[in-house]
Amino acid sequence: MDRHPPRSTSDEIDLYVRTYYSLLRSTGEVQVRAFEEAHAFSQSSLHPGARDPKVDVAAFAYSAARLPVCMPSVTHIALGQSNEQFEQIGLPVREWQPVTTRGRRRPLRWDGGNRLAVFITSSSDIDDLVPIVTAYQIEWNKMHRSLAHCQAGEALAAGRDVDADAVRTALDFDERDYETLKSALGSEYLRALGQIAGRISARSVLLVNGTFLEYQRAANRWWSGIEPTYMGPARSRRPVFFVSSNTHSLANLLGGYALSHRDKLIEYARQTNPEGLAEPLNQAISRGDEATVSNISYYLLRQYLHDQSDAADRIFSTQRFDAESGITTVVSPGKIDVSAQLIELDKLRPERLDPRVRVPGVDRLASSDAVIINIDYPLGMSAYHHLSSLAQGVGEIRGVYIMGKAATLNGKVGDVMLSSAAYDEHSKNTFLFRNCFRASDVQRFVQLGTVLDNQKALTVRGSFLQNRDYMRVYHQVGYTVLEMEAGPYLAALYELMRPTRHPKDEVVHLSNEMPCDFGLLHYASDTPYSRRQSLLSKSLSYFGVDSTYGCSIAIVRQILGREILRLEG
C-alpha cells in the first residue's frame, strides 16, 4: 500500500520555522535574538551545543563558511530579490561591494560598514540563512562572554598582540578547536576575534519582500539571460537535456581542455604539490590508472588556471577551446548566481571526449539538434522556479538529470545514492518515480565509494532544520538520503505533464507518466549520525571529486546514448 512516511517533522522544528516566518512578516527589522530560543530548542543536529554554555565551534565554523568574511562587521542584514527593492528602502546596493562565501552561492553586497544585502531567489534562502545567522550569533555571544572580562580578550579588543595560548584558555579550546576557529574567521582572524571580544552580537534581519510572485520574476529574469544563447543565430527552440550539477564536470568530460593539456597539469602538480596530490598522481601514472589521472587533472585545472600571472588569458583560452566543442557558459544570468552551460551536441569533437564517455556511435551526434543545458545546482525551492522557467522557454525536454550533495543516514562520505522515491517537506508529497540510473551505471566509475540504488530521499527545508529524533523516525521507514532539491524538481516535473499545479500532501505516482527520461544521483557529503563529518566543512577534497565524476560520467553517457539511439531509430 502506498503511504506517506509518518508525520515526523518535530514540533520543535515546526515551531522554529513558524517563529521566524511570523516575525519576518514585520515591515521593520527583526532582532536575531528573537529567533534564538526557538533555534536552541529545535535541537538541530548541526547545532547540538546551542544550549550548552561551552562554545560549539563546529556549528560556528559551519555558519561562518556560509557567510562572507566581512560578517564580523555586519550588524544589519537585508533580504531582497532585486536592486530596485533594496533601493526603495534606501539601500543603494548597486554601489556596494560584492562579497562571497565559501559554502553558499548567493549574491551578496556589503556597504563596507555594518550593512549586508542578501539576494534571495526562493523561500529556501530564508530557511537556510536565518538558522545560519542565528547559530553564528549564539556562538559569537558565548565567545564574547568568555573573552570580555579577561586580559586576553581586552588585548584583542584593543588590537594589541596576544598570546594564542591565553586565547585558547579563555575560550576553553584545545588546539584543534582553535585552528577550526581561525579557519572559520579567515585571514583577518585576529581582527575578527577582537570584534567578538569587544561587543555582544545584536544583529538584525529585514525581509524586504518574499512573495511567490517575486521568486517567479527572479527565475524569469534568470532565464532571460540564458535564452539568447540558447536560441542561437537560427532563433530556434531546440530540444534540451537538462542537467543540474556543477560548472566543471560536464565541461571537463566533453570539452577536453584538461585532457589536451594533461602534461602541463602533471608538471604543475609535481612543482606545487597542491593538497598533497603529487604523490597519488605519480602513483596513478605508474600503475596506468587513467581514470584517476584524469580526475586529478580535472580537479587541478581551476587552481592551475588561476595560479598564474596570466590567469585571465588562460581562462579566456580555456573558454575558446571549449567553444570549439560547442560549450558556452553564461555566468550569473539575470544577475542570479546560478550559472548555466549550453552544450550543443552536434559540435562535440569525439577525439576530445574523455574516453569514459566516448560511447559507441558518438560520431552520429553531428546530426543532432539537441542542447544540454547544465546549471550550477540551485538551493532548495529555487530549483522549482528555475526548472519551471526554463521549461516555458525551451522546446522538447528529452531528459532531466539531477546531481547534488546529500547527507546519508546509512552510508559514508563519498558514497553515491540513487533514489526511486522522495518525500518533500515543502509540499508534503511523496513522489514515486523510475530512476533511469542503477548502481552498475555508476559503480564502475567510482573507486573510493559505494553506489547504493533503490534509496529513498527526504527533501528537507534547510540544513539546520533537522534533529536526531526527526532523522530517526524517517530512517525507520527507509529514508536515508537527506537533501534539498529533489522535491522541488519533481514538483516542477509534475507541472510539465499535468494541467494543474502540483498537489500537496499526496502520494504522487510519476513512474509511468514521466514526460522525459529522469535521473537522480546524490553523493554523500555529510553523515549526520557521526558528528557531522562533512566535505563542506573541510572544503571539497579529491575524495569528493571521485564520486562527483562518477555521477557526471553516468549522466553524460545516458544523454549521449539516448540521443544516438534516437538518431539511429
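The values are calculated or read from the model by the stated rules, or taken from the named source; none is laboratory data. These numbers come from a predicted model, not from an experiment. So basically every Cβ, Gly included, is an ideal-geometry build from the backbone, and we count neighbours across all protein chains shown.
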Problem set entry | Of residues in the range 292-317 being among the hydroxyl-bearing types (Ser, Thr, Tyr) and either in the same structural domain as Val357 (by TED's automatic domain parsing) or at pLDDT below 90 (or both), the one farthest from Gly550 (Cα to Cα) | Ser309
Exercise. So how many residues does the range 68-98 have that are in a loop (DSSP other than H, G, I, E, B) and either of a type outside the set (S, T, N, Q) or buried (at least 20 other Cβ atoms within 10 Å of the Cβ) (or both)?
Worked result: 10
Problem set entry | Scan of the range 341-361 for residues that are assigned to a loop (DSSP other than H, G, I, E, B), in contact with a Ser or Thr (Cβ under 8 Å, 6 or more places away or on another chain) and surrounded by fewer than 21 Cβ atoms within 10 Å (Cβ to Cβ), ordered by number | Arg349
Exercise. Quick one: which of Ala407, Ala439 is without any contact (Cβ under 8 Å) to a residue 24 or more places away in the chain and aliphatic (A, V, I, L, M)?
Worked result: Ala439
For this session: Considering each of Trp110, Trp96 in turn, give the residue that is without any contact (Cβ under 8 Å) to a residue 24 or more places away in the chain and aromatic (Phe, Trp, Tyr).
Result: Trp96
For this session: Within the range 115-130, work out how many residues are in contact with a helix residue (DSSP H, G or I) (Cβ under 6 Å, 6 or more places away or on another chain) and closer than 16 Å to Pro68 by Cα.
Result: 2
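Let's see how each residue does on (1) in the same structural domain as Val477 (by TED's automatic domain parsing); (2) outside any strand (DSSP E or B); (3) without any contact (Cβ under 8 Å) to a residue 12 or more places away in the chain; (4) acidic (Asp, Glu):
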site: Val338; (1), (2), (3), (4): yes, yes, no, no
site: Asp363; (1), (2), (3), (4): yes, yes, no, yes
site: Ala366; (1), (2), (3), (4): yes, yes, no, no
site: Tyr384; (1), (2), (3), (4): yes, yes, no, no
site: Leu387; (1), (2), (3), (4): yes, yes, no, no
site: Ala391; (1), (2), (3), (4): yes, yes, no, no
site: Val400; (1), (2), (3), (4): yes, no, no, no
site: Met403; (1), (2), (3), (4): yes, no, no, no
Problem set entry | Of all residues in the range 230-241 being of a type in the set (A, V, I, L, M) and farther than 24 Å from Thr318 by Cα, the one that is surrounded by the most Cβ atoms within 10 Å (Cβ to Cβ) | Val240
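The rows are residues; the columns are (1) surrounded by 18 or more Cβ atoms within 10 Å (Cβ to Cβ); (2) of a type in the set (Ser, Thr, Tyr).
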position: Ser10; (1), (2): yes, yes
position: Tyr16; (1), (2): yes, yes
position: Val32; (1), (2): yes, no
position: Phe35; (1), (2): yes, no
position: Ser42; (1), (2): yes, yes
position: Asp56; (1), (2): yes, no
position: Phe60; (1), (2): yes, no
position: Thr100; (1), (2): no, yes
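Return yes when Ala383 is under 21 Å from the mean Cα position of the chain (by Cα), over 24 Å from Pro499 (Cα atoms) and crowded, with 22+ Cβ neighbours inside 10 Å and no when it is not.
Details: under 21 Å from the mean Cα position of the chain (by Cα): yes; over 24 Å from Pro499 (Cα atoms): no; crowded, with 22+ Cβ neighbours inside 10 Å: yes.
Answer is no for this residue.
Just the residues that are of a type outside the set (Ser, Thr, Tyr) and buried (at least 20 other Cβ atoms within 10 Å of the Cβ), please, taken from the range 44-54.
Start the filter on the range 44-54 by keeping residues that are of a type outside the set (Ser, Thr, Tyr), which leaves 46-54.
The answer is Leu46, His47, Ala50.
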Exercise. Quick one: is Ala135 without any contact (Cβ under 8 Å) to a residue 60 or more places away in the chain, among the small types (Gly, Ala, Ser) and outside any loop (DSSP other than H, G, I, E, B)?
Worked result: no
For this session: Any residue in the range 150-167 that's outside any helix (DSSP H, G or I): show its pairings with residues that are surrounded by 11 or more Cβ atoms within 10 Å (Cβ to Cβ) and at pLDDT 90 or above at Cβ separation under 7 Å, as long as the two are six or more apart or on different chains.
Result: Cys150/Ala170; Gly159/Gly194; Val162/Ala152; Val162/Ala155; Val162/Leu156
For this session: Determine whether Leu448 is in contact with a helix residue (DSSP H, G or I) (Cβ under 9 Å, 6 or more places away or on another chain) and farther than 27 Å from Glu214 by Cα.
Result: yes
Problem set entry | Meets criteria (of a type outside the set (Lys, Arg), modelled with pLDDT of 85 or more and assigned to a helix (DSSP H, G or I)) for Tyr529 | no
For this session: Name the residue, out of Ser244, Ser201, that is surrounded by 16 or more Cβ atoms within 10 Å (Cβ to Cβ), assigned by TED's automatic domain parsing to the domain that holds Glu87 and not in a helix (DSSP H, G or I).
Result: Ser201
For this session: May I ask you to verify whether Arg109 is assigned to a strand (DSSP E or B), touching a helix residue (DSSP H, G or I) at 6+ places or on another chain (Cβ under 6 Å) and of a type outside the set (Asp, Glu)?
Result: yes
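Does Phe212 satisfy the criteria of being over 30 Å from Cys150 (Cα atoms) and either touching a Leu at 6+ places or on another chain (Cβ under 9 Å) or not aromatic (Phe, Trp, Tyr) (or both)? First the steps, then the outcome.
On the way: over 30 Å from Cys150 (Cα atoms): yes; either touching a Leu at 6+ places or on another chain (Cβ under 9 Å) or not aromatic (Phe, Trp, Tyr) (or both): no.
No.
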